[in-house]
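All remarks here apply to the structure that follows.
The values are calculated or read from the model by the stated rules, or taken from the named source; none is laboratory data. Predicted model, so just to flag it, every value in this text is computed and none were measured. Note that each Cβ is placed from the backbone with ideal geometry, even for glycine, and that neighbours are counted across all protein chains shown.
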Amino acid sequence: MKTDNYPLKKVFGDFGGNIHYILPSFQREYAWEESQWKTLLNDVLFLCDEQKIGKNKKLEHFFGALVVINDQSQKITVSTYRLVDGQQRLVSVSLLLQAIAQRLNNKIPDTANYIRKMLVNQDEQGDLWLKILPTMKYNDRKVYQQIINNQETVSHDSRIFEAFRFFKKEIDQVSEERCQKIFEIISECFQVVFITLGSHENPYRIFESLNAKGKPLTQADLVRNYIAMKLPSNRQEKLFSDCWESIEEVLQERRFVGKSRIGELTAFLRHYLAMHTGVLCNADHVYSRFRDRMESDEFTEDETFIEEIRKTGQFANYYDRLLRPEKEQVIAIRKALERLNELDISTAFPFLMEAYDKYNQATISQGEFCDGLKWLEIYLIRRYLVGKPTNYLNKMFPVLWKDVNPEKFSESIRVALMQRDCPSDRNLLQIIPQRRLYENKIEVKNKIRFILDNINIHLDAKKDGYTVLLKEATIEHILPQSIQNSKAWKDSLGQEWEQDHQDYVHTLGNLTLVTQNWNSELSNASFITKKAKLAQHALRINVDYFKQDIENWNSEAIRNRSGYLIQQILKIWPILGESSKLEYNPKPCQISIGGSNYQVKSSADMLFVAAEHLSTHGYDFKKLAEAYPTYLKKEPFKRRCKQLSNGWYILTNLSAPDCQRITNRVLEASGINKEDWNIEYQISFN
């Protein structure tokens, strides 16, 4: 490895020397954004002002390291380098220089001409004409060529276009004299460490250790560079052109998977690794785990390494169809995947990719595959409705395949899911009426709409079709979310209106579908007004129920409607098996709060332990009691209760679902994040 310290003008060939930097196909696209453009420009402007104060003192600014490999396969008349690290900085500063050149072209043409010689090899043609040759991803190369050639830019896909527009706008506001100074600062004061690697060295190891200023590399970027550096240069280009480029074309880091905000390619690699290892690694460790796997004895030979990357490409296509079911040609499978996507099923992707591969090999028939997707939907819907923790799925799905027989796919997945904490009908009937289902989050509202819409379709099942709304459906709270100023609603709920409103307003029985216009019109209207409107509504989920004789909309009425909706749910998403041996009875065995673990014997015990933790850890108990006066008092209740260490009493004479519901409410009201507490259940079978 040879290391030199160069001013930036030498990197560009000292105003005319022929030099050519190739950005290999494995490099990511130009990815800098406005924050990085501003940092670069501010660094230059700061040095301009500092140089002015220091007068003759020559300042230096470290612009990071450039890692290159001398490419002797190119023309001898041009010094050609493969740029391992530094493309974001070199492309950005060249765009800034081009903006300066255009600003000075008429006023200070000598400087504009100097800049021209920095950016192009004037005696060369084709690709060698440019001193920096970007990749072709997102039209980067085409846009860059147009900008440097002073042509009108037609493609906006590339961020190079946005970067140049930013620099041009900023530079056009600066005087010609200051532009001249900016050019001198960039060419003379910006210093780089120029690292030239020998053929015997491991470039990706050096690449890993660099942490230059700029936009951080994603996990997918690191994987891409690792793959390239793992192979000899004469095999890199073919692998990338034949395989890796197509992977990046279908799975783009600029798009995100679900609510994780993880780029598609990184998310795919994470799930692909989980499929092989049985463990879903942290998103920040994808590159490390990928490298560890590929460094194993299984992939020591180039051929096995290349074959694994090609196999990865095949699974990337499955992943693409999971994200975008419209690409699946079989209508039945497409519809099943579209339904699953409504439930945000990315946690199941490690399992689904394996299943897709077996279907692609014809080991699993089309009918069996569709049946398996149906069982999966039932499993996920039931877990969601009773509030099962989703972190269990992250551990379950990567290892589910080992218990599935591809030759009996439908039956084996049904049994495997039954045995993995799948809620029974009894669980749904006990938990859903009290469960706070609604949250003001897009992903939650989408799931609720999906459930209510399917109930409406089911109620229309005897017809040839079903009624849909002319405009997008929104979720309507029959009992309004706020009733502080409504005497009619308080009277409807009764003496404990405040507690009942808090407990039932967001439950399933109080939710329905209408259009946004109706939602706004109904708003806080009285129940009499709402009932009359809903009884005439186009959707069966509304008209069938609200044409009944219902006097008040109170806690009892909401629970009754929950029961009605649950009966429809049990028909749409039936239990996966009728065997009594597989029906479980969950009982809390441990509750963890803020790092403290408590063993419990029952739901009532769990409620007491949660309240006791709050009473002994400095929480505002008076505020909690004001929020839940039905369950917390300074004096004993008439029903069975327990006294806490701080002297308060908590009501424990409640059903198991009520104990769980109040435990959740009290912990939420205390301000503890959901991520900081958890309830574990012991499963017993009848």
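Here is a list: Y598, Y545. Which entry is among the aromatic types (F, W, Y), within 19 Å of P433 (Cβ to Cβ), outside any loop (DSSP other than H, G, I, E, B) and modelled with pLDDT of 90 or more? So that I can check it myself, show each step before the final result.
Numbers: Y598 fails: within 19 Å of P433 (Cβ to Cβ).
Testing whether each residue is among the aromatic types (F, W, Y), within 19 Å of P433 (Cβ to Cβ), outside any loop (DSSP other than H, G, I, E, B) and modelled with pLDDT of 90 or more leaves just Y545.
When the range 118-153 is filtered for residues that are surrounded by fewer than 16 Cβ atoms within 10 Å (Cβ to Cβ), in contact with a Phe, Trp or Tyr (Cβ under 9 Å, 6 or more places away or on another chain) and aliphatic (A, V, I, L, M), nothing remains. Considering (1) within 20 Å of L217 (Cα to Cα); (2) surrounded by 14 or more Cβ atoms within 10 Å (Cβ to Cβ); (3) without any contact (Cβ under 8 Å) to a residue 40 or more places away in the chain; (4) among the basic types (K, R), the lone condition that R261 does not fulfil carries the number (2).
Residues in the range 644-657 that are surrounded by 12 or more Cβ atoms within 10 Å (Cβ to Cβ) and either farther than 17 Å from L624 by Cα or without any contact (Cβ under 8 Å) to a residue 24 or more places away in the chain (or both): how many? Show your work before the answer.
So the first thing to find is which residues in the range 644-657 are surrounded by 12 or more Cβ atoms within 10 Å (Cβ to Cβ), and the list is 644, 646, 648-657.
With either farther than 17 Å from L624 by Cα or without any contact (Cβ under 8 Å) to a residue 24 or more places away in the chain (or both) added as a condition, the list becomes 649, 651, 653-657.
Count: 7.
Looking across the range 629-643, just one residue is free of Cβ contacts under 8 Å to residues at least 24 places away in the same chain and of a type in the set (F, W, Y), and that is F637.
Per-residue answers, yes or no, for (1) assigned to a loop (DSSP other than H, G, I, E, B); (2) modelled with pLDDT of 95 or more:
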position: L428; (1), (2): no, no
position: E439; (1), (2): yes, no
position: V444; (1), (2): no, no
position: F450; (1), (2): no, yes
position: Q481; (1), (2): yes, no
position: Q484; (1), (2): yes, no
position: A488; (1), (2): no, no
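Each row is one residue, and each column tells you yes or no for (1) over 23 Å from K490 (Cβ atoms); (2) aromatic (F, W, Y).
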| site | (1), (2) |
| --- | --- |
| F527 | no, yes |
| K533 | no, no |
| A557 | no, no |
| Q568 | yes, no |
| I593 | yes, no |
| A604 | yes, no |
| E612 | yes, no |
| H617 | yes, no |
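Filtering the range 387-410 to residues that are exposed (fewer than 15 other Cβ atoms within 10 Å of the Cβ) and among the charged types (D, E, K, R) leaves K395, K402, D403, E407, K408. Scanning the range 275-301 for residues that are in contact (Cβ under 8 Å) with a residue 60 or more places away in the chain, surrounded by 15 or more Cβ atoms within 10 Å (Cβ to Cβ) and part of a helix (DSSP H, G or I) returns M275, T277, A283, V286, Y287, F290, R291, M294. For the range 446-463, check the following and say yes or no: at least one residue is surrounded by fewer than 18 Cβ atoms within 10 Å (Cβ to Cβ) and polar (S, T, N, Q). For the range 446-463, residues surrounded by fewer than 18 Cβ atoms within 10 Å (Cβ to Cβ) and polar (S, T, N, Q): present. Step by step: first the residues of the range 446-476, then only those that are touching a residue at least 12 places away in the same chain (Cβ under 8 Å) and over 21 Å from T507 (Cα atoms), then the one that is nearest to the chain's Cα centre (by Cα). Which residue is that? The residue in question is E472.
What about T529, is it among the hydroxyl-bearing types (S, T, Y) and under 36 Å from the mean Cα position of the chain (by Cα)? So T529 fails the test.
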